[in-house]
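Peer 1: After the structure tokens below, expect a handful of questions from me.
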Amino acid sequence: MPAPTELELLILGVVAKFGPLTPYAVRRHFALALALAPAEAAAHRAGCHYHLGVVALAVGARDEAAGHFTAAIAILPDHRGAREQLRALGGGG
């Protein structure tokens, strides 16, 4: 298992401090992280889109999820997780 990213460690810290987060709270945190990420932080931005897509899937928002996976791939074309999720949604990936 790969080491957690800084963003994953931050979220784990938030969960440890405040308890489990709802999908909607997690969505807000990733949206904020995406908004604050500098344009040159491609891997970070792609990761935020990927995780926003995963959360969107968790709440049944398939079109929103596909949009985030597509955005992650547009930023980082070799993002395997986003490609796999998009393929599972029938979008080719």
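The values are calculated or read from the model by the stated rules, or taken from the named source; none is laboratory data. Since the structure is predicted, the reported quantities are computational estimates derived from the model, not experimental observations. Positions of Cβ are backbone-derived with ideal geometry, glycine not excepted, and every protein chain shown enters the neighbour counts. Only protein heavy atoms, including side chains, enter the accessible area calculation; ligands, DNA and RNA are left aside. Shrake-Rupley method; radii C 1.70, N 1.55, O 1.52, S 1.80 Å.
Peer 1: Are there any pairs with C-beta distances below 6 angstrom linking a residue in the range 44-59 that is basic (Lys, Arg) to a residue that is in a loop (DSSP other than H, G, I, E, B), with the two at least 6 apart or on different chains, and if so which?
Peer 2: Taking only residues 6 or more apart or on different chains, the pairs are 45/37.
Peer 1: Listed residues 40, 64, 8; which is modelled with pLDDT of 80 or more, in a helix (DSSP H, G or I), open to solvent by 50 Å² or more (accessible area, probe 1.4 Å) and not aliphatic (A, V, I, L, M)?
Peer 2: 64
Peer 1: Going by what's in this entry, would residue 14 be described as modelled with pLDDT under 90, open to solvent by less than 50 Å² (accessible area, probe 1.4 Å) and touching a Leu at 6+ places or on another chain (Cβ under 8 Å)?
Peer 2: yes
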